[in-house]
Amino acid sequence: MSSAEDEQFREFVASRSAALLRVAFLLTGDHGHAEDLLQTALMKTSRRWDHLVDRDACYAYVRRVMVNTQTSWLRRRRVIENYVDVLPETTEQVDDASDAHAPVMLALGQLPPGMRAIVVLRFYEDLGEAETARVLGCSIGTVKSQTSRGLARMRVHLTEATPSSAARREEP
């Protein structure tokens, strides 16, 4: 990469990394994994930076790299269980999301990765159906059906998680 391209990449990272980190968090549901995902996506992008002709599309390119990388990580993920006699003390994790957003984040976390990516791209990134399909490499029909199913699952989770909804169900 030339020094001019290197400077352009640094400016891009400085200006867009906060927004990309929010998308990464919504895709992963974990701050640490989101930071790793963004770092990996930026590293992959830096290798191809000199080949990117349309600098206005760089944000979309990095977003696509994040979705692909997250999908790849989920395919390779192994579950390792360690059995212990005594559970370690836990501290409550502080989340950047406000208490009002916590139920939505929990509901989003209940979705399968592909469905979650579609919901994040459609409603957080505000992409249309065609653009979401293009980013994920699937059909528009898949985006429509997965969006519908994802929102329905989130509604069920949010309804079950809301104490007032449980009280309403118990009333005659």
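The values are calculated or read from the model by the stated rules, or taken from the named source; none is laboratory data. Keep in mind that this is a model prediction, so the values were computed, not measured. Counting neighbours? That spans all protein chains shown, and the Cβs are built from the backbone with ideal geometry, glycine included.
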*What residue, among those in the range 48-69 that are at pLDDT below 90 and assigned to a helix (DSSP H, G or I), is nearest to residue 112 (Cα to Cα)?*
57
*Which numbered condition trips up residue 158, out of (1) farther than 22 Å from residue 20 by Cα; (2) modelled with pLDDT of 90 or more; (3) of a type outside the set (Ser, Thr, Tyr)?*
(2)
*asked:* I need the full set of residues from the range 138-151 which are assigned to a loop (DSSP other than H, G, I, E, B) and small (Gly, Ala, Ser), in order please.
replied: 139
_Pair list, Cβ < 6 Å and 6+ apart or interchain, from the range 32-59 residues that are over 18 Å from residue 11 (Cβ atoms) to residues that are of a type in the set (Gly, Ala, Ser)_ = 34/24; 37/24
*In the range 110-137, what count of residues is obtained for those that are outside any helix (DSSP H, G or I) and under 21 Å from residue 76 (Cα atoms)?*
4
